[in-house]
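Engineer: There's a structure below that I have some questions on.
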Amino acid sequence: MLTRSIGEISMTVLTSNTIEIRSGDDVVRVRQEVRSRAVESGFSLVDQTKIVTAASEIARNTLDYGEGGTLLIERLEEVGRRGVRLTFEDQGPGISDIERALTDGYTSGGGLGLGLGGAKRLANEFHIQSQPGKGTRVTIIRWK
Amino acid sequence: MPNNDKSLADLLATHEHEILQEWQGLLKASGALQTGRIKESELATQCRNFISQLRGALRPDGSLDKSSDGYASLKSMLGEVSRSRAIQGFTPSETASFVFSLKQPLFNAIDKGTRAADAKASYIWQTSLLVDELGLYTIEAYAKTREDIIARQTREIAELSTPVVKLWEGVLALPVIGTLDSERTQTVMENLLQSIVEQSAEIAIIDITGVPTVDTLTAQHLLKTVAAARLMGADCIISGIRPQIAQTMVHLGVELNVVSKANLADAFALALHRLKKAIVSVKQAPSGRQSRYVSPEDRGV
Ligand SMILES: Nc1ncnc2c1ncn2[C@@H]1O[C@H](COP(=O)(O)OP(=O)(O)O)[C@@H](O)[C@H]1O
Ligand SMILES: [Mg+2]
């Protein structure tokens with residue numbers, strides 16, 4: 001267990017596990033694992049569905065655009081609330097224009113172009129870091 | 001190799017009876033027969049065949065001759081043993097212990113039947129190598145069978161869970177159960193389109209009550225299916241979008257632009273309405289209230 005103090009807020013990581021994302025089956029597993037962690041954190045059905053759907057979007061991007069990568073799932077606890085943090089990492093081509101990638105309807109691969117923006121709206125916190133040629137990291141948190 | 005000692009193959013032949021007795025005893029003690037998945041006589045036959053094939057696969061110095069017919073039939077026999085055990089539900093270690101538990105009896109036979117210490121050590125080493133190799137081969141064959149089983153089941157599930165049901169003349173329903181990942185969606189789409197053509201359907205209801213997550217990829221697959229159905233002359237209704245899924249789709253920004261109903265019953269009612277049919281209650285039915293389909297023509301409408 002890791003307790004970190006940022007100012008007055010102290011956040012505890014209750015559990016963490018990592019999943020490899022290398023195939024379509026792994027995306028299914030990501031959804032199942034994220035759902036289990038959300039249930040363990042006491043999420044309502046709506047909150048479960050939101051974080052599972054956001055996870056599905058980012059996992060699919062990690063696989064399709066990021067050439068595969070990993071997901072770190074953490075169950076968090078803070079004074080008075082619980083949450084789930086998902087960190088997706090890949091060493092793929094990266095995103096040169098994050099603003100554009102986040103724009104609804106933008107896709108470079110024949111999708112609907114709603115994944116990144118949708119995931120951002122489904123999460124309480126959303127961070128994306130990307131370096132062309134190095135890879136991409138997306139972190140989302142959903143609190144109960 | 002000292003000449004006054006027998007070859008390993010001869011040693012196996014001389015001590016075959018003891019080896020078999022001890023081997024079967026060990027297999028029994030380790031619970032090989034307990035679950036009743038395999039009969040004692042069946043196990044005895046497998047052991048006997050194994051030893052006789054093994055004899056045929058050995059070089060005089062006790063190593064395995066991989067180019068021999070004996071080796072080929074030994075492997076095919078082991079493959080068959082592993083396959084049948086995988087299908088019968090044995091665990092990998094239960095399956096591999098069929099071969100590994102032969103080590104002890106072989107060592108004992110070598111100990112008894114060889115005099116020179118260097119021959120003894122050499123035979124024991126050779127035997128250890130060959131049992132390990134055959135044991136590993138067993139595990140590989142086991143894993144291969146399990147993979148085949150899983151692949152077959154995956155294909156079966158993909159087909160089984162996408163049945164197209166005829167609800168009425170011109171009305172089809174497709175109850176989708178499970179995830180709409182790319183490979184399966186293809187099957188779903190093709191089944192539906194084919195049925196639309198075969199039955200000249202006018203309305204197709206896609207029920208997604210059994211779909212746990214609708215992400216943008218699933219939504220895109222649904223949209224494509226609806227568009228293709230339209231080209232075949234059928235209108236789609238989507239039913240069974242549960243409240244939490246509806247909320248999530250709004251956040252994603254996905255619009256299906258297709259008529260949707262809360263459940264399959266409502267979707268069916270709408271379909272009948274569109275086809276100008278109605279379900280009415282029949283009075284004076286023999287046993288209580290009953291519904292019967294009456295076409296507008298029958299009712300003189
Ligand atoms: N991990 C990633 N690596 C590289 N590019 C990415 C990654 N994730 C997203 N992108 C880029 O962002 C675009 C928008 O993603 P998204 O909103 O999920 O839409 P879609 O998946 O439908 O294309 C993608 O088309 C792709 O160009
Ligand atoms: Mg996407």
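Engineer: Dividing the alpha-carbon Rg of segment B:8-156 by 2.2 N^0.38 Å yields what? Write down the numbers at each step before the final one.
Structural biologist: Values: Rg = 15.9 Å, N = 149, 2.2 N^0.38 = 14.7 Å.
Taking N as the residue count of segment B:8-156, the ratio is 1.08.
Engineer: Calculate the mean, over all residues of peptide A:94-106, of how many other protein chain Cβ atoms lie within 10 angstrom of the residue's Cβ. Present the calculation step by step, with values, prior to reporting the outcome.
Structural biologist: Numbers: counts 0, 0, 0, 0, 0, 0, 0, 0, 0, 0, 2, 1, 0.
Counting other chains' Cβ atoms within 10 Å and averaging over A:94-106 gives 0.
Engineer: Take the Cβ-Cβ distance between residue B:231 and residue B:273 as r, set R0 to 22 Å, and report the resulting FRET efficiency rounded to the nearest 0.05.
Structural biologist: Values: r = 24 Å, r/R0 = 1.08.
Using R0 = 22 Å, I get an efficiency of 0.40.
Engineer: If you roll a 1.4 angstrom probe over the protein chains with everything in place, what fraction of the accessible area of chain B belongs to carbon and sulfur, to the nearest %? Don't jump to the answer; show the numbers that get you there.
Structural biologist: Values: 8470 of 15730 Å².
The value for chain B is 54 percent carbon and sulfur by accessible area.
Engineer: Can you give the Kirkwood hydrodynamic radius of the protein assembly as shown from its Cα pairs, in Å with one decimal?
Structural biologist: With all distinct Cα pairs of the protein assembly as shown included, I get 27.5 Å.
Engineer: Apply 1/(1 + (r/R0)^6) to the Cβ-Cβ distance of residue B:265 and residue B:80, taking R0 = 41 Å, and write down the FRET efficiency to the nearest 0.05. All intermediate terms of the calculation are to be shown ahead of the outcome.
Structural biologist: Values: r = 52 Å, r/R0 = 1.28.
Rounded to the nearest 0.05, the efficiency is 0.20.
Engineer: Can you give the FRET efficiency for residue A:96 and residue B:65, using 1/(1 + (r/R0)^6), R0 = 56 Å, r = Cβ-Cβ distance, to the nearest 0.05?
Structural biologist: On the way: r = 61 Å, r/R0 = 1.09.
Once rounded, the FRET efficiency stands at 0.35.
Engineer: Just how far, in whole angstrom, is segment B:249-271 from segment B:115-155 if you go by their alpha carbon centroids?
Structural biologist: Taking the Cα centre of each part, segment B:115-155 and segment B:249-271 sit 56 Å apart.
Engineer: Right, something else. Separation between the residue B:166 and residue B:256 pseudo-spin-labels, each 7 Å from Cα along Cα→Cβ, expressed in nm?
Structural biologist: Inter-label distance under the simple model: 2.5 nm.
Engineer: A follow-up question, please. How many nm separate the modelled label positions at residue B:136 and residue B:13, each set 7 Å beyond the Cα in the direction of the Cβ?
Structural biologist: 3.1 nm
Engineer: So, one more: Could you work out how much longer the chain between residue B:125 and residue B:37 gets when fully extended? Use 0.36 nm per residue separation minus the Cα distance between them, nm to one decimal.
Structural biologist: Extra length available between residue B:125 and residue B:37 comes to 28.3 nm.
Engineer: Cα-based Rg of chain B per 2.2 N^0.38 Å, rounded to two decimals?
Structural biologist: 1.71
Engineer: Still on this structure, please answer the following. Using a 10 Å cut-off around each Cβ of peptide B:34-44, what is the average number of partner chain Cβ atoms that fall inside? All intermediate terms of the calculation are to be shown ahead of the outcome.
Structural biologist: Values: counts 0, 0, 0, 0, 0, 0, 0, 0, 0, 0, 0.
The mean count of partner-chain Cβ atoms within 10 Å per residue comes to 0.
Engineer: Any idea how far apart residue A:103 and residue B:154 come out in nm if each label point goes 7 Å out from Cα toward Cβ?
Structural biologist: Rounded to a tenth, the inter-label distance reads 3.8 nm.
Engineer: Now a separate question. So, by mean Cβ neighbours within 10 angstrom, what's the order for A:75-83, A:58-66, B:239-247 with the highest one leading?
Structural biologist: Taking the mean over residues of other Cβ atoms within 10 Å, the ranking is A:58-66, B:239-247, A:75-83.
Engineer: Which value in deg cm²/dmol, rounded to the nearest 500, describes the helix-derived mean residue ellipticity at 222 nm for chain B, given -39,500 (n - 2.57) per DSSP H run of n ≥ 4 and division by the residue count?
Structural biologist: Numbers: 11 runs with 177 residues, N = 301.
Per the formula, -19500 deg cm²/dmol.
Engineer: Count, for each residue of A:110-119, the Cβ atoms from other chains sitting within 10 Å of its Cβ, then give me the mean as a whole number.
Structural biologist: On the way: counts 1, 3, 10, 2, 10, 4, 1, 4, 10, 4.
Average neighbour count from other chains, rounded to a whole number: 5.
Engineer: Work from the charge dipole of segment B:165-274 (Cβ charges, +1 for Lys and Arg, -1 for Asp and Glu, about the Cα centre) and give the residue of B:262, B:186, B:212 farthest towards its positive end.
Structural biologist: The residue sitting farthest along the positive end of the dipole is B:262.
Engineer: Probe of 1.4 angstrom, ligands and nucleic acids ignored: what's the accessible area per residue over chain B, in square angstrom?
Structural biologist: Working: 15730 Å² over 301 residues.
Each residue of chain B exposes 52 Å² on average to a 1.4 Å probe.
Engineer: Would you mind telling me which residue in B:91, B:225, B:127 has the biggest mean-square fluctuation in a Gaussian network model of chain B, where springs connect alpha carbons within a distance under 10 angstrom?
Structural biologist: Among B:91, B:225, B:127, the largest mean-square fluctuation in the Gaussian network model of chain B belongs to B:91.
Engineer: Stick to Cα atoms and the Kirkwood definition of Rh, then tell me Rg/Rh for segment B:68-178.
Structural biologist: On the way: Rg = 23.9 Å, Rh = 17.6 Å.
Checking Rg against Rh, the ratio lands at 1.36.
The values are calculated or read from the model by the stated rules, or taken from the named source; none is laboratory data. The shown structure was predicted, so the numbers you read here are calculated from the model rather than taken from an experiment. Note that we place each Cβ from the backbone using ideal geometry, even for glycine, and neighbour counts take in every protein chain shown. To get the accessible areas, we keep the full protein, side chains included, count just its heavy atoms, and leave off ligands, DNA and RNA. Shrake-Rupley method; radii C 1.70, N 1.55, O 1.52, S 1.80 Å.
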